[in-house]
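The values are calculated or read from the model by the stated rules, or taken from the named source; none is laboratory data. Nothing here was measured: the structure is a model prediction, and the numbers come from that model. Because the Cβ atoms are built from the backbone with ideal geometry, glycine has one as well, and the counts that use them run over all protein chains shown.
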Amino acid sequence: MCGITGFTGKSRALPFLLQGLEKLEYRGYDSAGVTLVGTEELKTWKEKGRLSVLEEKLDIAHCPQRCGIGHTRWATHGIPSNLNAHPHNNMDNTISIVHNGIIENYVELRADLEAKGFVFASETDTETVAHLLDFNYRETGNMRDAVYATIAGLEGSFALCIVSCYDPETIYVAKKENPMIVGKTGDAAFCASDATGLLSLTKDVLPLDDGQIAILKPGSIELTDFAGKALEQNWIHIPYDMEAAQKGGYDSFMMKEIHEQPDAVRETLRGRFDKNDRIRMDEIDALEISWERLRRVYFIACGTAYHACIYARTLFDRYADIDSFVMPASEFRYGTPKLDADTLCVFVSQSGETADTLAAVKLANEKGAATAAITNVLGSSISRTADVTLYTAAGPEIAVASTKAYTTQIVLLICLIMKLAEKTGFVIPDYAHLVADMKRLPQILTEILKLEDTVGQLADMLKEQRDAYFIGRQLDYPTALEGALKLKEVSYVHADAYYAGELKHGPIALIEKDTVVVAMATQPEVAAKTMSNIQETIARGARIILITDSTIPAERFEYVLRVPAVREELAGIAAVVLLQLFAYFTAKEKGCDIDKPRNLAKSVTVE
Ligand code: M6R
């Protein structure tokens, strides 16, 4: 969502701030700004729109300042505008801040500050912090004390960077429930809201935990809690480089990431099978739970990751005699989940930062359930909050539309289910065959990607369409949901997904001549039933694109795509790649901004 960069050192700050913000552009934003620090005054520039608009206003070559902060904003409180853009400054421009998150008590704070004579320039919750710092500086007479006093007065969530001309070489960084990462070299220290923003300078980073303040000075970082007590620093090494975050030979990150799936799945499976071909999952072995007493399992996530959870729950429910539930994280928090020590909650999140999912993990922790996270980002907030974390090895996913994260999540969820079978004693039929096919998955995905051109031609059918419908039963249903989400997300074609058997209970009223129906029939047990539902739509004039397995007869259909022979539990992993390609080509035909669809952000760090 919003992006933050900060730099203090012996060289110019602006180049790092701007290139860091550029790397964070993929998170989505509507305005950008920077503050550079001098001893007499701060200089702040901010503009609504893309970073390039800000850059046009800056005289980049003539900004010698060695300390500064930058921000890309995605509006939450107050419309996108120059005034609401960050940084926000105090009245005499001696203190400047950037902020991700929401200050929940800003209404009270603002009223109090206004009563004391502070004049606000924006509608944001963030500006309150700048004036509160000013107030506390006047009270305490030094910036460090003002920062601690201010943080103590804030409620809500924040990743904050604070600079001032009272302390012109220092950046104060505070973190609560929003990601923030710091790093240093011999003569500089810097920060960003995402490791991608730092990778040009270092791969060794210190992700801050909730309740921490980092004080950055050229070449040094001091870490304390909110009360000022010194803390141990747990540095980690980021195993990928900037090059991995470039587009390679593809025209978009989405297409590159679709093609990375064979490798991403291979890497995610690496080390997961022991020498007897049983699942190795030390993380689950380490979980403190009494497996004999396990009564229920929840699968919880948002968006695409939620679809991966539906897939997992469908499979788990097929094999295990333990109650299982799947819930979007935004509902889980406000519902009445049954959480106790005999409950396992599995949270799935590519970014590891999704606010609703993070809050759901905290809720489950509070209620004493065992919590396991599946995420793609090392050191992310969710990974540090859950009891244990299993990492997908998809590499950085830059396109807003999630692709390789989804397939790797399903792969890891299936490994988890196999591990749970071992822990709790339920049986997965023909386990050895399943393992053999899982090991073949990278090859199967490579094969399915060869259908790219055929999918490209079919996508032509959709570019003029207003609507499309995706249908499937059992494990084909989450694939249909994900196909519909992908299509609407990147191509803006309205798409809905239904259980195939539900069509005749209402949605079939929408089917008319030439309506496109993408039908999934990869599950032999229910394929015949789905075929009947397809006929019902054909009778109303629908054009069918059928995605099926290698065995199900489908001669009478004009447009058929087949997934290679594979165990039915894994067919959805191959089939969804076709739907991702379908969405990509439709968006391309329509000239959409594939990697940055309108209104969407990569990481949704607000409720
Ligand atoms: O980072 P997360 O997996 O927690 O993100 C969850 C959703 O916001 C995300 O999957 C979203 O639905 C994607 N844009 C879908 O392509």
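Among the listed residues A480, A528, A495, which satisfies the condition of being of a type in the set (G, A, S), closer than 22 Å to P553 by Cα and surrounded by 20 or more Cβ atoms within 10 Å (Cβ to Cβ)?
A480
Report yes if I289 is assigned by TED's automatic domain parsing to the domain that holds I444, within 23 Å of P478 (Cβ to Cβ), more than 16 Å from the ligand (Cβ to nearest atom) and of a type outside the set (K, R), otherwise no.
no
Pairs under 8 Å by beta carbon, first residue farther than 29 Å from G425 by Cβ in segment 318-335, partner surrounded by fewer than 17 Cβ atoms within 10 Å (Cβ to Cβ), six or more apart or different chains?
S330/E607
Taking the condition among the aromatic types (F, W, Y) and within 19 Å of T354 (Cβ to Cβ), does F158 pass?
Judged against the criteria, F158 is a match.
Which count do you get for residues in segment 167-197 that are surrounded by fewer than 24 Cβ atoms within 10 Å (Cβ to Cβ), assigned to a loop (DSSP other than H, G, I, E, B) and either in contact with a helix residue (DSSP H, G or I) (Cβ under 9 Å, 6 or more places away or on another chain) or of a type in the set (V, I, T) (or both)?
2
This table checks each residue for (1) under 27 Å from P179 (Cβ atoms); (2) in contact with a strand residue (DSSP E or B) (Cβ under 9 Å, 6 or more places away or on another chain).
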{"residue": "D342", "(1), (2)": "no, yes"}
{"residue": "F347", "(1), (2)": "yes, yes"}
{"residue": "A393", "(1), (2)": "yes, no"}
{"residue": "A399", "(1), (2)": "yes, no"}
{"residue": "T403", "(1), (2)": "yes, no"}
{"residue": "K423", "(1), (2)": "no, no"}
{"residue": "F426", "(1), (2)": "no, no"}
{"residue": "L434", "(1), (2)": "no, no"}
{"residue": "Q443", "(1), (2)": "no, no"}
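Among the residues in segment 352-371, are any closer than 17 Å to C415 by Cβ and touching a Gly at 6+ places or on another chain (Cβ under 9 Å)?
No, segment 352-371 has no match at all.
Tally the residues that are under 25 Å from D595 (Cα atoms) and either β-branched (V, I, T) or over 15 Å from the mean Cα position of the chain (by Cα) (or both), restricting the search to segment 389-411.
Summing the residues that are under 25 Å from D595 (Cα atoms) and either β-branched (V, I, T) or over 15 Å from the mean Cα position of the chain (by Cα) (or both) in segment 389-411 gives 8.
Can G38 be described as within 20 Å of M180 (Cα to Cα) and surrounded by fewer than 24 Cβ atoms within 10 Å (Cβ to Cβ)?
Here the answer is no, as G38 does not meet what is asked.
Please go through segment 226-238 and give me each residue that is within 27 Å of the chain's Cα centre (by Cα) and either of a type in the set (V, I, T) or surrounded by 11 or more Cβ atoms within 10 Å (Cβ to Cβ) (or both), ordered by number.
Those that are within 27 Å of the chain's Cα centre (by Cα) and either of a type in the set (V, I, T) or surrounded by 11 or more Cβ atoms within 10 Å (Cβ to Cβ) (or both): Q233, N234, W235, I236, I238.
Inspect all residues belonging to segment 150-166 and state whether any of them is at pLDDT 95 or above, in a helix (DSSP H, G or I) and not aliphatic (A, V, I, L, M).
Yes, that holds for at least one residue.
Between residues in segment 211-234 that are in a strand (DSSP E or B) and residues that are surrounded by fewer than 14 Cβ atoms within 10 Å (Cβ to Cβ), which pairs lie under 6 Å by C-beta distance while being six or more apart or on different chains?
L223/Q233; T224/A230
Considering only segment 443-466, how many residues are farther than 21 Å from A571 by Cα, surrounded by fewer than 16 Cβ atoms within 10 Å (Cβ to Cβ) and out of contact with any helix residue (DSSP H, G or I) (no Cβ under 6 Å at 6 or more places or on another chain)?
Here the count works out to 4.
For segment 297-343, which positions are charged (D, E, K, R) and either near the ligand (Cβ under 10 Å from one of its atoms) or out of contact with any Gly (no Cβ under 8 Å at 6 or more places or on another chain) (or both)?
R313, D317, R318, D321, D323, E331, R333, K338, D342
Considering only residues of segment 2-35 that are surrounded by fewer than 24 Cβ atoms within 10 Å (Cβ to Cβ) and within 22 Å of the chain's Cα centre (by Cα), which is modelled with the lowest pLDDT?
Only one residue tops the list, namely G28.
Do we have Y559 as surrounded by fewer than 22 Cβ atoms within 10 Å (Cβ to Cβ) and within 16 Å of the ligand (Cβ to nearest atom) here?
Judged against the criteria, Y559 is not a match.
For segment 344-360, which positions are closer than 19 Å to E283 by Cβ and either outside the structural domain of C302 (by TED's automatic domain parsing) or away from the ligand (no atom under 11 Å from the Cβ) (or both)?
Answer for segment 344-360, where residues must be closer than 19 Å to E283 by Cβ and either outside the structural domain of C302 (by TED's automatic domain parsing) or away from the ligand (no atom under 11 Å from the Cβ) (or both): L344, C345, V346.
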